[in-house]
Amino acid sequence: MHKLVSAVFALSIALSVAGCASKKQSPLDKMDAAFDDVRAEVQSVVTDPERAAQADELIHQLQQTYTSTTKSIQLRKDRLRELDEDYDASRTDMEEQLELILTDLQANQQTVLKISDEMFSVLNDEERAEIGKARSKALNAAVAAMDAI
């Protein structure tokens, strides 16, 4: 009996540990964490407080752009699924939703390029090189968040 109680107790501990360990970050959470890493890197690399603040604001804008685009595309894809399940939906309705997704992606691309150009003008070559890895990780996480939809 003692062995059974011990086994049940050990099993319950193992299951609770496994349950805690299995919580995964969402793609948006991973993206947010990656952008936080970029901010931290900028604060440690850029010595001029004014330029560091400008870079931080641009990183925030970039993060908000990806977040809003991801959420918008999710809503449009949800609507596209609804139309797909609706036997009375027209092909035109589906094409309109696909066009809206494309428009969102194109607007995102233009905004990201604009912010990247501004970031290029704020940081010097050494600073850009030092934060490059963290920035690439954040952009890859943002793309992964959009791909996860």
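Just to be sure, is residue 33 at pLDDT 90 or above and within 13 Å of residue 138 (Cβ to Cβ)? Walk me through it before giving the result.
Details: at pLDDT 90 or above: yes; within 13 Å of residue 138 (Cβ to Cβ): yes.
Judged against the criteria, residue 33 is a match.
Looking across segment 117-139 at every residue that is small (Gly, Ala, Ser) and touching a residue at least 40 places away in the same chain (Cβ under 8 Å), the one that is surrounded by the most Cβ atoms within 10 Å (Cβ to Cβ) is identified as 138. When we screen 134, 89, 142 for residues that are touching a helix residue (DSSP H, G or I) at 6+ places or on another chain (Cβ under 6 Å) and either farther than 30 Å from residue 42 by Cβ or of a type in the set (Ser, Thr, Tyr) (or both), the only hit is 89. Would you point out the residue of segment 39-56, among those that are surrounded by 14 or more Cβ atoms within 10 Å (Cβ to Cβ) and either under 13 Å from the mean Cα position of the chain (by Cα) or among the charged types (D, E, K, R) (or both), that is nearest to residue 112 (Cα to Cα)? Here the answer is 56.
The values are calculated or read from the model by the stated rules, or taken from the named source; none is laboratory data. Keep in mind that what you see is a predicted model, and the values were worked out from it rather than measured. Virtual Cβ from ideal backbone geometry, glycine too; neighbours counted across all protein chains shown.
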